[in-house]
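Written below as structure tokens is the structure these notes are about.
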Amino acid sequence: MTSAAGYLRRTRRSLRGRSPLVRRTDRVEARVFSLLVAAMLLMIPVAAIVVVNVQNTQVAMAQQQLAERTMVTATLDADPVVADSGWGEFSYIAPSTAPATWEFRGVSHHGDVQITGSEGAGDEVQVWVDRAGAVTLQPMSVSAAEFSSVLAGVAVYMVALVTACGLFALAHWGIERARSREWSREIEAFLGSTSSH
């Protein structure tokens, strides 16, 4: 198998001049490899644009959630029902819910809140509520929004890389078959009919 350095040397030789040792399939392969490298270089700014666009969207969403959601203190009305969950020999305490009461903008609200610790009836827990005072999820932080935008850019680049490498592998396979057929024809022409030997 050709090493990466040997492959690059062969590609440079194939793209240079008109050497009699360089075949048409070598030139095609060199051009396909050059296209792969160019595509990967072009995908860098595309991935950067994706990062910027996703970051703008996600940061705006995080800021909106931070503006619309408020943390309040809720008092548990009853003990939560803790259910052991597990698989095989492994078990863990799953998050449970309990009825609770909280005040938001002078209005009393009731509902189920999620409990992750050992709180019981009468204990106070912190919950996030929306503008209507209903329990909602914790707002996304700006740092989480920025991190997700970087992940989106990396994902776009990796998908492009895998696709381009797959297409190159397919083209390389076809070129190798054509090269093998070409070699077989030339050897037969040089040695004469193989059936006579």
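The values are calculated or read from the model by the stated rules, or taken from the named source; none is laboratory data. None of these values were measured; they are calculated from a predicted model. Note that we place each Cβ from the backbone using ideal geometry, even for glycine, and neighbour counts take in every protein chain shown.
Within the range 92-141, can you find the residues that are among the small types (Gly, Ala, Ser), assigned to a loop (DSSP other than H, G, I, E, B) and at negative phi?
Filtering the range 92-141 down to residues among the small types (Gly, Ala, Ser) leaves 94, 96, 98, 100, 106, 108, 111, 117-118, 120-122, 132-134, 141.
Then drop every residue that is not assigned to a loop (DSSP other than H, G, I, E, B), which leaves 94, 106, 117-118, 120-122, 132-134, 141.
Scanning the range 92-141 gives Ala94, Gly117, Ser118, Gly120, Ala121, Ala132, Ala134, Ser141.
Which residue, of Ala144, Ala171, is in contact (Cβ under 8 Å) with a residue 60 or more places away in the chain, within 30 Å of Val28 (Cβ to Cβ) and part of a helix (DSSP H, G or I)? Write out each step before concluding.
Values: Ala144 fails: within 30 Å of Val28 (Cβ to Cβ).
Ala171 is the lone residue from the list that is in contact (Cβ under 8 Å) with a residue 60 or more places away in the chain, within 30 Å of Val28 (Cβ to Cβ) and part of a helix (DSSP H, G or I).
Residues checked against (1) at pLDDT 80 or above; (2) surrounded by 14 or more Cβ atoms within 10 Å (Cβ to Cβ); (3) within 20 Å of Leu151 (Cα to Cα); (4) within 35 Å of the chain's Cα centre (by Cα):
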site: Ser14; (1), (2), (3), (4): no, yes, no, no
site: Ser19; (1), (2), (3), (4): no, no, no, no
site: Ala30; (1), (2), (3), (4): yes, yes, no, yes
site: Phe33; (1), (2), (3), (4): yes, yes, no, yes
site: Met40; (1), (2), (3), (4): yes, yes, yes, yes
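What are the residue pairs meeting all of these: first residue in the range 117-139, first residue touching a residue at least 24 places away in the same chain (Cβ under 8 Å), second residue in a loop (DSSP other than H, G, I, E, B) and of a type in the set (S, T, N, Q), Cβ atoms under 6 Å, and 6 or more apart or on different chains?
Trp128/Thr136; Trp128/Gln138; Asp130/Thr136
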